[in-house]
Structures are given as structure tokens and as C-alpha cells.
Amino acid sequence: QVQLVESGGGLVQPGGSLRLSCVASGTIFEINIMGWYRQAPGKERELVAAHISGGRTHYVDSVKGRFTISRDNTNKWVYLQMNSLKPEDTAVYYCNVQQEGNNYWGQGTQVTVSS
């Protein structure tokens with residue numbers, strides 16, 4: 001079982017930056033995928049960024065060049081650095097871990113981009 005807790009959300013003006021953090025507890029395997037999803041009101045949850053064991057990363061086109069996903073060497077922490085934020089980035093952001101055929105979610109953290 002894996003538990004995920006996100007932090008770092010908040011209100012920011014357009015063009016600003018935020019850094020989301022997620023800490024995982026429980027049994028974390030070396031081979032897994034750690035990522036961030038988001039869900040805006042009235043929209044489906046979408047993958048924002050993923051970090052695959054071994055160092056590969058994947059980003060949705062709308063955040064490429066603005067967001068950076070990283071994880072620490074213990075595989076317990078995953079981060080999402082968000083720069084040049086836009087109003088359309090407003091959503092609840094969820095941390096996700098996929099391993100051994102299981103899918104784990106955090107409770108979500110609200111990011112609001114508004115002037």
C-alpha cells in the first residue's frame with residue numbers, strides 16, 4: 001500500500017511560479033512511474049507530467065517548456081516546478097504512483113492562477 005500527500009498549491013498571478021511536492025509512504029519499488037495529473041472544473045483528469053524510473057520524463061504539450069518534474073534518489077518525493085503559469089493551468093493537481101499494476105493517488109492540491 002502507498003500513501004501520497006501533496007503540498008505547495010495556492011493562488012498565484014499569471015506568469016508566476018509554484019512548486020508542488022508529493023511525499024510517498026509505504027512500499028515504494030524502484031521500478032515505477034511517479035507523476036502529476038490535474039482536473040479542472042467540468043473537465044476530465046489529465047496527465048500533466050510523468051517521471052519514469054531510469055530518468056525518462058513525459059509532459060503534456062500544453063506545459064512543455066514551463067513545467068519540470070523531478071524525483072529524489074529515495075523515490076519518496078516527486079516535485080512539479082511550474083513556471084510561467086497561465087489561468088488555464090488552474091486545477092486540482094494530484095500526485096500519482098503506478099507500480100506493480102496498482103495505481104495510487106493523493107488527495108489533491110488546488111492551484112489557482114488569477115490576477
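Which count do you get for residues in segment 72-105 that are in a strand (DSSP E or B) and surrounded by 14 or more Cβ atoms within 10 Å (Cβ to Cβ)?
Narrowing segment 72-105 to residues in a strand (DSSP E or B): 77-82, 91-99, 102-105.
Checking the rest, the ones that are also surrounded by 14 or more Cβ atoms within 10 Å (Cβ to Cβ) come to 77-82, 91-99, 104-105.
Selection size over segment 72-105: 17.
Just the residues that are more than 17 Å from LEU85 (Cβ to Cβ) and charged (D, E, K, R), please, taken from segment 13-40.
Of everything in segment 13-40, just one residue is more than 17 Å from LEU85 (Cβ to Cβ) and charged (D, E, K, R), namely GLU30.
Can you tell me which residue in segment 1-27 is surrounded by the fewest Cβ atoms within 10 Å (Cβ to Cβ), limited to those that are polar (S, T, N, Q) and assigned to a loop (DSSP other than H, G, I, E, B)? Show your work before the answer.
Looking only at segment 1-27, we keep the residues that are polar (S, T, N, Q), and these are 1, 3, 7, 13, 17, 21, 25, 27.
Filter once more, so that each one left must be assigned to a loop (DSSP other than H, G, I, E, B): 1, 13, 17, 27.
Numbers: GLN1: 7, GLN13: 10, SER17: 11, THR27: 9.
If we take residues in segment 1-27 being polar (S, T, N, Q) and assigned to a loop (DSSP other than H, G, I, E, B), then GLN1 is surrounded by the fewest Cβ atoms within 10 Å (Cβ to Cβ).
How about segment 44-71: which of its residues are open to solvent by less than 40 Å² (accessible area, probe 1.4 Å), in a loop (DSSP other than H, G, I, E, B) and not basic (Lys, Arg)?
Within segment 44-71, SER53, VAL60 qualify.
Collect the residues in segment 28-43 that are over 19 Å from ASP61 (Cβ atoms), more than 11 Å from the chain's Cα centre (by Cα) and open to solvent by less than 40 Å² (accessible area, probe 1.4 Å), keeping them in residue-number order.
ILE28, ASN32
The values are calculated or read from the model by the stated rules, or taken from the named source; none is laboratory data. What you see is a predicted model, and the numbers here were worked out from it, not measured in a lab. Using ideal geometry, Cβ is built from the backbone for each residue, glycine included, and neighbour counts are taken over all protein chains shown. In case anyone asks, the SASA skips ligands and DNA or RNA and just uses the protein heavy atoms, side chains included. Shrake-Rupley method; radii C 1.70, N 1.55, O 1.52, S 1.80 Å.
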